[in-house]
1. Once label points are set 7 Å from the Cα along Cα→Cβ at both residue 215 and residue 71, what is their separation, rounded to one decimal in nm?
2. In the structure displayed, which of 25/135; 75/180; 97/230; 25/210; 210/259; 70/193 lie more than 29 Å apart, Cα to Cα?
3. Taking each pair of different alpha-carbon atoms in the chain once, compute 1/r for the pair, average those values, and report the inverse of that mean as the Kirkwood hydrodynamic radius in Å to one decimal.
4. Residue by residue through the range 142-156, which ³J(HN,Hα) values in whole Hz follow from phi under the Karplus form 6.51 cos²θ - 1.76 cosθ + 1.60 (θ = phi - 60°), with glycine and proline marked x?
5. Which ordering of 202, 222, 104 is given by a fewest-first count of other beta-carbon atoms within 10 Å?
6. Please report the antiparallel percentage of the DSSP beta bridges confined to the chain, to the nearest 5.
7. Fewest Cβ neighbours within 10 Å first, please rank 192, 249 accordingly.
8. Could you pull out every residue, at least 5 positions away or on a different chain, whose amide H is within less than 5 Å of the one on residue 182? Hs are placed 1.01 Å off N in the peptide plane, and Pro or chain starts have none.
Amino acid sequence: MNFQYILVEPRYEQHIALIRLNRPKELNALCLELMAEVRDALKTLDADEEVRAIILTGNERAFAAGADIKQMAGKTAIDMLLIDQFTTWDTIKKIKKPIIAAVSGFALGGGNELVMHCDMVVASETAMFGQPEIKIGVMPGAGGTQRLTRVVGKVNAMEMVLTGKFITAERAYELGLVNKVVPVELYLEEAVKLARDVAQQSPLAIRLAKEAVLKAYDSPLSEGLEFERKNFYLLFATEDQKEGMAAFVEKRAPIFQGK
Ligand code: DAK
């Protein structure tokens, strides 16, 4: 997979793929072309049977400092409508494999929204999260007002969105925006460890469980529970369920085949 703005390692480790945002001079600003590459890479990895978990990262200074302001600056409302970035973001939202964000430095605006499209987040102590769109006369446009509010609650989301101030990794941890904060030299390694823990499970169970957890975001409890129940039953049609339970009884480690 050859891209201009990202680096992709489909076999970073057994069952683990890695995507690195790679526009370092622009602090990984998410130009349209970069986002299209992220979308295409994720789609390819989602269809790759060898891959069971995907890590999305940037570099030490920046995960991503937001959408590319220079590219957006001259656009009209109609330009924005016709570009229709939502098709790209919606594709990312629908990726079935677990995505782990490994974040260091700035995760701002669309950068923070991209983090919130991931399923788990490992942050370095130097990470800074924010929705600073208000400072350039706009507001979040890729779910920042909605996902952030669901995660951190109304008053915290309001503070971030209305003041544009950044929060530290430690504060992001307190608010439930990230799973873990580690020293900067360890953030990628810790994300890989988390990916390993996921990748050794049954890929089918992982897929249906991810789907069910995401369902909790936008459905009433009764509907989510109904959905969960169906996915739960469905897993009893898999060989992995037989293997997982047999392995428990036989006191050995399971070998999941994704069947
Ligand atoms: N866009 C373009 N270039 C950027 C950038 C950005 N977001 N952020 C940084 N850069 C560039 C800088 O212009 C600079 O380039 P040169 O001047 O060297 O050519 C280089 O990266 C280094 O940045 P600084 O010199 O500014 O570095 P500092 O350490 O002094 O400051 C900073 C770092 C992150 C605090 C600062 O760069 C900054 O405030 N950046 C802008 C952050 C921001 O406002 N982000 C939100 C952008 S709006 C949507 C999807 C997504 C979005 C909207 C809609 N749809 C699906 C519809 C998202 C919108 C946004 O994210």
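1. With each label placed 7 Å out from Cα toward Cβ, I get 3.5 nm.
2. Working: 25/135 22 Å; 75/180 38 Å; 97/230 19 Å; 25/210 34 Å; 210/259 17 Å; 70/193 37 Å.
Exceeds cut-off: 75/180; 25/210; 70/193.
3. Numbers: mean 1/r = 0.0522 Å⁻¹.
Computed over Cα pairs of the chain, the Kirkwood hydrodynamic radius comes out at 19.1 Å.
4. Values, residue by residue: 10, x, x, 6, 8, 5, 4, 4, 5, 7, 9, x, 4, 5, 6 Hz.
5. Details: 202 22, 222 8, 104 25.
In order of increasing Cβ crowding within 10 Å: 222, 202, 104.
6. 25
7. Numbers: 192 20, 249 7.
Fewest to most other Cβ atoms nearby, the residues stand as 249, 192.
8. 123, 124, 125
Quick note: the coordinates plus some simple rules give every number you see, no bench work behind them. As the structure is a prediction and not an experimental result, all values here were calculated from the model. Reconstructed Cβ throughout: ideal geometry from the backbone, glycine too, with neighbour counts over all protein chains shown.
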